[in-house]
Amino acid sequence: MELEVRHLRALCAIADTGSLHRAARHLGVAQPSLSTQLRRIEQELGGPLFLRARTGCRPTPLGRLVLSRARPLLTEMRLLVVEARAAAAGGTELRIGSTASKALAGWLRRLRAHGQNPTLHMNVSANALLRMVVDGQLDVAFVHEVEGCPLRIPAELRQRVLVEREPQCVSLPVDHPAAGNPEVDLSDLAGDRWMIDPTVDGEWDAVQRMFRAADVSPHVLHGDYHTADALVATGEVVTVCQPTRTPRPDMAVRRIKGDPLGVRLLVAARTETALARVYPALEEAYGEVARQAPAYREWPAREWPAPDGPHRPPSPALP
């Protein structure tokens, strides 16, 4: 018997689900058929790949070796199919995943101007986007890593850091008493209701640490940031936001005193070539929104969180 892609897929399914029963259900086959297939694979490779027990299946040392080679092969096969289908359809899309950023519109515009055909997949989970790049569902991911909550960046990915530390701001109603100052002390917001999105990787933990360090215990609501914006505008809540956030007539964006909350902005891809295709345009787009963001005026010039890297643009000072 020669090993085929379906055999590798079966081995990975058994390892991922932890049992023959769940793997068979995942693959849409009968469990006896999968058990027979596994025995044949093990005969071909010369030894047991899994230890069977009532609690499930665990890979043997030989199984771990085979799985370490099988997973990249399956990823490459998925990529081959995706790229072949795109080429057959008359072009190759650049599949971008991203967490929320004001730089996205300018980034996509620049990529199209350079003859690329980007599509966009948004997700609040940076870890989920990075996994999609590894699995071949995305080509590039632009994500933020909340300070003190490291992302699980797969070893297979290459990355470039756009901004090493971007201090986060607070969005509050424009008629809030603290909105009259260029920066806000957390103690001045201790009596306010805050809205935080707990589905953003690391954000809830980081905000809780920020509150503890400032010795405040505000009431916290959970919700997405689109809802938070609407509630900020009506005076119901305050919320954290990026410094590139565009203020509105009913909403103010202010620096938090001491800059206690920060994120690292980075872009990741499977190859350096893929990064080189997208990174300069992203730097330019971020610099553009930084120059237009009023919150950036509140940082002394030496503290501007300008992009880092080999293509570092001029600082985002307003002209």
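Listing for the model above:
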quantity	calculated
Computed magnitude of the charge dipole of the range 1-88 (debye, nearest 20; Cβ of K, R +1, Cβ of D, E -1)	380
Nitroxide proxy distance, nm - points 7 Å out along Cα→Cβ at Thr246 and Thr273	3.7
Three-way shape label, the range 118-263, alpha-carbon gyration tensor, a/c 1.5	prolate
Solvent-accessible area per residue, Å², over the range 1-129 with all protein chains present [probe radius 1.4 Å]	59
Distance histogram in 20 Å bins (all Cα pairs of the chain, percent per bin)	27, 45, 25, 3
Amide proton proximity set for Arg158, modelled H, under 5 Å, gap of 5+	Ala269, Arg270, Thr271
Average projection area in nm² (convex hull over Cα atoms of the range 1-128, one quarter of hull surface)	10.9
Taking the C-alpha atoms of the range 179-233, convex hull volume expressed per residue in Å³	92
Sequence-distant residues sharing a close amide H with Arg248 (under 5 Å, placed H)	none
Which of Lys257, Lys102 is most accessible, then next, and so on - probe 1.4 Å	Lys257, Lys102
Residue-averaged [θ]222 nm for the chain, counting only DSSP H segments that reach four residues, each worth -39500 (n - 2.57)	-12500 deg cm²/dmol
Percent carbon-and-sulfur accessible area, the chain, ignoring ligands, DNA and RNA, probe 1.4 Å	52
Nearest-ten-degree value, helix 203-214 long axis tilted from longest Cα axis of the chain	40
Residue list for the range 27-47, given a label point 7 angstrom along the Cα-to-Cβ vector of His21 and an amide N cut-off under 20 Å	27-39
Peptides ranked, highest mean first, by Cβ atoms within 10 Å: ranges 33-39, 160-166, 8-14	8-14, 160-166, 33-39
Net charge of Cβ neighbours under 14 Å - reference His114; Lys, Arg +1; Asp, Glu -1	+2
By accessible area with a 1.4 Å probe, ligands and nucleic acids excluded, highest first: order of Thr227, Thr17	Thr227, Thr17
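The values are calculated or read from the model by the stated rules, or taken from the named source; none is laboratory data. Only a predicted model underlies this, so the values are computations on that prediction, with no experimental measurement involved. When we count neighbours, we look across all protein chains shown, and the Cβ atoms used for this are built from the backbone with ideal geometry, even at glycine. Each accessible area value is taken on the protein alone, full model and side chains, heavy atoms only, with ligands, DNA and RNA left out. Shrake-Rupley method; radii C 1.70, N 1.55, O 1.52, S 1.80 Å.
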